[in-house]
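FYI, it's all coordinate maths here, none of it is from the lab. As the structure is a prediction and not an experimental result, all values here were calculated from the model. We place every Cβ from the backbone using ideal geometry, glycine too, and count neighbours over all the protein chains shown.
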Amino acid sequence: MAVAFLRVVSPPTDVSSTLCFLEAVREGTRLVSARHEGGMRRKKPGLGFFSLHMDFKYACVGFEPENRGSFPIRSSLVANPAEVVMSSEQKVYDVVLKQAALVKEQMRANGRPLDVRPDLVVPGTTQLMSEAYDRCGEVCAEYAKTFYLGTLLMTPERRKAIWAIYVWCRRTDELVDGPNASHITPSALDRWESRLEDLFDGRPYDMLDAALSHTVAMFPVDIQPFKDMVEGMRMDLWKSRYKNFDDLYLYCYYVAGTVGLMSVPVMGIAPESRATTEGVYNAALALGIANQLTNILRDVGEDASRGRIYLPQDELAQAGLSDDDIFAGKVTDKWRNFMKNQIKRARMFFDQAEKGVTELSQASRWPVWASLLLYRKILDEIEANDYNNFTKRAYVSKAKKLLTLPAAYGRSFIRPSRTSRGLSKATT
Ligand SMILES: CC(C)=CCC/C(C)=C/CC/C(C)=C/CC/C(C)=C/COP(=O)(O)OP(=O)(O)O
């Protein structure tokens, strides 16, 4: 069951004490349960927080004053939707639903399963485009060798499109992580975003943008995850602490979950799959989150040396750890226990992702299995290093990588399940 936090703005000053009430609706169902998170009986107007254990999406918030004479019961303040603060998971799930709906719409419009639109190759541009894609392939081969090898099994159109997406993500990441990162300002990111809008409108700025511009015209790829990735880079410019997992989850969605959402429309869902489109998108999102959490756990020491701690502050405190412990970089039992829980959570996201890989079109499964298995192994290596991720970088040896490839290849033949293990198509 999801937990949502609602921000509630209390009513005008003439009410001395206010009792908040909640009514939550999901397709006609009323609130399941609501719990006060503190501060809800307020003497002064201001903010309060409700924590809701819910299986519904929207909630109305209102106030019931103790002083009934001066404030009409349950009528005066129904929260403006803008006042309702959803959990990151819910916000991101809304994006997933939107992406899935877009793909379904395209499939209906095309009258065929999700696939390429070869009709969109503009005459006379074939040679230039082919050079642009080749360049994207070279970049992908240089920076993500294993993944690149996997993409070679895909159909040529899909492979090239994945390279173009990869290159755009890499360039975006380099803005804040690359050699010129110290000069990057929010307005530079704004310019990068308007360039993105231009390429989605068919006006690419350079050769590599041209490849992505072509890709987004060929496949039902939406701009939202791309914009969200730029948002993640903006966040990285000012934020170096994450108060809880919800906060960190949003960051992981921005910088990595988005990649999953960008990739599915290109990779394609197997025609025989019984999974819902949103189920597959959700699994793709989970893979991005799992990868990013793994990346964070591997790089704790490196990030700390840049003054950054991508770990939930509340969980650190619960484990009896502070920022200073991270900067000191000592592996203690407290740290080991904390890490065990973080690793467990990352593995849960990998497990969720696994359910979706099988639903992808057959040729797309191998590279995804390979990257999933390899990235998950980094968690094993952190354990093997006795949780010393301060001074030791966990990495998967060449030999282990080589052993993983045939295993991934073998898994790519697992057919979409008839019941789809939690990802099944709605029967309506
Ligand atoms: C599971 C389903 C249904 C589909 C797959 C959808 C995909 C392709 C998801 C992958 C998402 C992904 C690759 C996210 C990027 C995550 C990440 C942390 C990348 C790290 O990149 P680098 O910083 O280059 O990594 P290294 O530091 O390890 O080199």
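Summary of computed values
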| item | result |
| --- | --- |
| S322-Q127 pseudo-label distance in nm [points 7 Å out on the Cα-to-Cβ vector] | 6.7 |
| P(r), alpha carbons of segment 88-411 - 20 Å bins starting at zero, rounded % | 31, 59, 10, 0 |
| About the Cα centre, charge dipole magnitude for segment 281-428 (Lys/Arg +1, Asp/Glu -1 at Cβ), debye | 820 |
| Charged-residue dipole, Cβ positions (Lys, Arg, Asp, Glu), segment 88-411 about Cα centre, Debye nearest 20 | 880 |
| Inter-label distance for Q224 and A101, nm, one decimal - labels placed 7 Å from Cα along Cα-to-Cβ | 0.8 |
| Principal semi-axes in Å for segment 156-230 [√(5λ), Cα gyration tensor, largest first] | 22, 13, 10 |
| Theoretical FRET efficiency, 1/(1+(r/R0)^6), r = Cβ-Cβ of R203 and E272, R0 60 Å, to 0.05 | 0.95 |
| Over 28 Å (Cα to Cα) - which of K145/K227; K104/K243; K91/K392; K145/K243; K160/K398; K334/K392 fall in this group | K104/K243; K91/K392; K145/K243 |
| Spacing of the two label points (7 Å from each Cα toward its C-beta) at L149 and D333, in nm | 4.3 |
| Relative contact order for segment 88-411, counting Cα pairs under 8 Å that sit 6 or more residues apart, in percent | 20 |
| Sequence-separation-based contact order of segment 126-214, relative, with Cα cut under 8 Å and 6+ spacing, percent | 33 |
| Segment 188-262-segment 374-390 distance, computed between alpha-carbon centres (Å) | 29 |
| Relative exposure of R298, R347, R415, judged by other C-beta atoms within 10 Å (fewest first) | R415, R347, R298 |
| Gain in span if fully extended, L402 to N341, counting 0.36 nm per residue against the direct Cα distance | 19.1 nm |
